[in-house]
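Each remark here refers to the structure printed beneath this line.
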Amino acid sequence: MDITVIAESSGDGLHPVTAQLVGAAASIGGTPTLLCAGGVGATEAASIAGVVKVISVVGDCFGTFDGGAWAEALNSVAGGDVIIAAASPSGREIAATMAAMRGIPIVQDATGLAPGITVTRPIYSGKAIETSTVTSPCAITLRANAFAAAGGGGNADVSTVNQSADVAVAVKEAIAKAGERLDVAEADIIISGGRGMGDPANFSHLNEVADMIGAAVGASRAAVDTWDEIPHSMQVGQTGKTVTPRLYIAVGISGAIQHLAGMRTSKYIVAINKDPDAPIFGVADYGIVATWEDALPALKVELGKL
Amino acid sequence: MLLKQVPDTTAKISVSGGRVDESAVSKWSMSPYDEYALESALQLKEAGGGEVVAITCGPARAAKMLTDAAAVGADSLLHILVEDLSTLDSTQVQAILAAAVARTDSDIVFCGKQAADTNAGSTGPGVAHLLDASCVTMVSEVTSDGGSITAMRASAGGNERVAVSAPCVFAFDKGITELRRPNVRGIMMAKKKVAETLSPADLGVDTGGSSVSTKGHTPPLEKPPGQQFEGAESVAEVVGKLRDEANVI
């Protein structure tokens, strides 16, 4: 089965999810061709084990993001029966547009794939898991960190194709993110605060811990809705970001069902809350019943010893 | 304005007999991202004129959501009746919605970036392609000076202000504006507003032969109960376990 994998970029290189997409494609018996939009990461892509071919698609349209234009350019180069992309905002848009262009169905945000093609994915933000089958040809997007990554050591051919498309979305102004802090969607470790932090200024204590362990700082919906200083980009949960870090530390978060939906698949969860009956303890691997005022200074001391 | 009714985000989801039990859902609501899109559509109408048509594709219970949309200011309502959306694949849903939009002669389409049930996000881009419209996703705000339309969207580096011309589709993230609440007059007026109800066949869309078939649902894997500690003095022990037992720091 020919599978076209849309490489996911991050800055000037490949996002780690790209090797996971290749691994997943191989797991259903696919021979993956990688498409690199704008040529980003093509050399790196060629070294992923199992990739048979890398096509670097270059054109003026790749200068800024217009999902429709990117999809049109990529689609005219893409072969294959099955299209696989990352379930990132851009990956979802490109794959959905390519699927519509081809008149084929798309299943988004899969966390499991088996030959057939059987797709497993969380629905209702993880409150249930759905298993379905989809007939080829189709498009499927995959959630990051849900699939084993293909290894390195590959040596695929790289070809370059000049292919652009008309851009309909003109970028007028780019507004940089305030601060240099890691995005919760990208982070391996997240420390999040809830309304139990009492005041948005107290998030500085979370920042200090985050800096010690290279973590991103997140927030519950209650915190984001209550305090203007806490932006929605920090929100973890059903109307925020769904995250799967290896360590999630929830501080002063009671654990509303919307929040649990966004973080329950984290590998390890630590909860710090003064209320022993808080629902967050139900999903925590390590629960500490304490106020954040007591626990965070202790945490800083202990992390400092590592 | 494309809307979808979903279980409220506060609602519990239970699985019985290998399927999500919809009858056990305590409350159905407009999908949260759609609410932000609707707010923005109403603001655009107030600033520059036009009419907001609320469209949904879904079962009979979704009529309540259309009435809610009318109560905050949607001018007319169009309900494409499909009792079980899970019997349709993305191509069919998009064909229905694109045909519905075309029927209303709308040139700006608002929707949520994804619905809070399937969390897919295919509808906006797919409908845009079918309507030969440009598409902007992850939108938080839309303004117009009469001619060009400007949207704020989330980008990898922060935010971007982008310009597009109609026809166009805006798929909304959680916005920055406060959502309006219906007032008594709006609620009374909405009760009198009758949705036009059509079938997919009325729009010329064939709903047979979906390429995707649902095999079953399961509840999320229950984690084994975790370890509980008392007081800040236990932090040292937990950090030790994170290092030695979990190997995550």
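The values are calculated or read from the model by the stated rules, or taken from the named source; none is laboratory data. Remember, it's a predicted structure, so these values are computed and weren't measured experimentally. Quick reminder, even Gly has a Cβ in these numbers, built from the backbone with ideal geometry, and neighbours come from all protein chains shown.
How many of the residues making up the range B:13-34 are at the interface with another protein chain (Cβ under 10 Å from one of its Cβ atoms) and of a type in the set (S, T, N, Q)?
Residues in the range B:13-34 being at the interface with another protein chain (Cβ under 10 Å from one of its Cβ atoms) and of a type in the set (S, T, N, Q): 2 in total.
Take the residues in the range A:218-243 that are more than 10 Å from chain B (Cβ to nearest Cβ) and within 16 Å of the chain's Cα centre (by Cα), then tell me which one is farthest from A:P200 (Cα to Cα).
Among those that are more than 10 Å from chain B (Cβ to nearest Cβ) and within 16 Å of the chain's Cα centre (by Cα), it is A:V243.
Inside the range B:46-76, can you point out the residues that are buried (at least 18 other Cβ atoms within 10 Å of the Cβ) and either in a strand (DSSP E or B) or among the basic types (K, R) (or both)?
Passing the criteria: B:V53, B:A54, B:I55, B:T56, B:C57, B:G58.
Specify which of the listed residues (A:I257, A:I280, A:I253, A:I249) is in the same structural domain as A:G198 (by TED's automatic domain parsing) and surrounded by fewer than 21 Cβ atoms within 10 Å (Cβ to Cβ).
Of the residues listed, the single one that is in the same structural domain as A:G198 (by TED's automatic domain parsing) and surrounded by fewer than 21 Cβ atoms within 10 Å (Cβ to Cβ) is A:I257.
This table checks each residue for (1) surrounded by fewer than 22 Cβ atoms within 10 Å (Cβ to Cβ); (2) in the same structural domain as A:T242 (by TED's automatic domain parsing); (3) among the β-branched types (V, I, T).
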residue	(1), (2), (3)
A:G68	no, no, no
A:I106	no, no, yes
A:A114	yes, no, no
A:I129	yes, no, yes
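Of the residues that make up the range A:183-191, is at least one over 30 Å from A:G50 (Cβ atoms), in a strand (DSSP E or B) and in contact (Cβ under 8 Å) with a residue 40 or more places away in the chain?
yes
Would it be correct to say that B:G112 is crowded, with 19+ Cβ neighbours inside 10 Å and in contact with a Phe, Trp or Tyr (Cβ under 6 Å, 6 or more places away or on another chain)?
yes
Is it fair to say A:I6 is within 21 Å of A:A114 (Cα to Cα) and touching a Leu at 6+ places or on another chain (Cβ under 7 Å)?
yes
Considering the range A:162-185 alone, what residues qualify as being among the acidic types (D, E) and either assigned by TED's automatic domain parsing to the domain that holds A:I253 or over 17 Å from A:A216 (Cα atoms) (or both)?
Scanning the range A:162-185 gives A:D166, A:E173.
Which of (1) within 25 Å of B:D8 (Cβ to Cβ); (2) charged (D, E, K, R); (3) touching a strand residue (DSSP E or B) at 6+ places or on another chain (Cβ under 6 Å); (4) more than 7 Å from every other protein chain (Cβ to nearest Cβ) does B:R181 not meet, given it meets every other one?
For B:R181, the exception is condition (3).
How many of the residues making up the range B:198-213 are at the interface with chain A (Cβ under 8 Å from one of its Cβ atoms) and surrounded by fewer than 16 Cβ atoms within 10 Å (Cβ to Cβ)?
Total meeting the criteria: 1.
If I ask for residues that are under 19 Å from A:M1 (Cα atoms) and either touching a strand residue (DSSP E or B) at 6+ places or on another chain (Cβ under 7 Å) or free of Cβ contacts under 8 Å to residues at least 12 places away in the same chain (or both), which ones from the range A:126-156 would you list?
Result: A:T133, A:V134, A:S136, A:P137, A:C138, A:A139, A:I140, A:T141, A:L142, A:A156.
Check every one of the strands (runs of 3 or more DSSP E) wholly within the range A:104-181 and list those with 3 or more residues that are more than 26 Å from B:P32 (Cα to Cα) and at pLDDT 95 or above.
A:112-114, A:157-162, A:170-176
A:L303 is checked against (1) over 22 Å from B:L221 (Cβ atoms); (2) at the interface with chain B (Cβ under 9 Å from one of its Cβ atoms); (3) part of a strand (DSSP E or B) and fails just one. What number does that condition carry?
That leaves (3) as the condition not met.
What single numbered condition from (1) farther than 16 Å from A:L296 by Cβ; (2) surrounded by 15 or more Cβ atoms within 10 Å (Cβ to Cβ); (3) under 21 Å from the mean Cα position of the chain (by Cα); (4) assigned by TED's automatic domain parsing to the domain that holds A:L299 fails to hold for A:A215?
Among (1) farther than 16 Å from A:L296 by Cβ; (2) surrounded by 15 or more Cβ atoms within 10 Å (Cβ to Cβ); (3) under 21 Å from the mean Cα position of the chain (by Cα); (4) assigned by TED's automatic domain parsing to the domain that holds A:L299, A:A215 violates only (1).
Would you mention how many residues in the range A:22-36 are surrounded by 24 or more Cβ atoms within 10 Å (Cβ to Cβ) and more than 17 Å from A:N155 (Cα to Cα)?
3
Residues that are within 10 Å of chain A (Cβ to nearest Cβ): list the strands (runs of 3 or more DSSP E) wholly contained in the range B:108-174 that include at least 2 such residues.
In the range B:108-174, the matching strands (runs of 3 or more DSSP E) lie at B:134-144, B:149-155, B:158-164, B:168-172.
Residue by residue, here is whether (1) of a type in the set (K, R); (2) surrounded by fewer than 24 Cβ atoms within 10 Å (Cβ to Cβ); (3) at pLDDT below 95 holds:
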residue: A:S56; (1), (2), (3): no, yes, no
residue: A:F62; (1), (2), (3): no, yes, no
residue: A:A71; (1), (2), (3): no, no, no
residue: A:L74; (1), (2), (3): no, no, no
residue: A:G79; (1), (2), (3): no, yes, yes
residue: A:I84; (1), (2), (3): no, no, no
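With respect to B:A246, is the statement that it is within 14 Å of A:A271 (Cα to Cα) and at the interface with chain A (Cβ under 8 Å from one of its Cβ atoms) true?
no
Within the range A:30-64, track down each residue that is in a loop (DSSP other than H, G, I, E, B) and in contact with a strand residue (DSSP E or B) (Cβ under 9 Å, 6 or more places away or on another chain).
A:G30, A:G38, A:G39, A:V40, A:G41, A:I48, A:G50, A:V51, A:V52, A:G59, A:T64 - these are the residues of the range A:30-64 that are in a loop (DSSP other than H, G, I, E, B) and in contact with a strand residue (DSSP E or B) (Cβ under 9 Å, 6 or more places away or on another chain).
So, of the residues in the range B:215-240 that are more than 7 Å from chain A (Cβ to nearest Cβ) and in a loop (DSSP other than H, G, I, E, B), which turns out to be modelled with the lowest pLDDT?
B:E222
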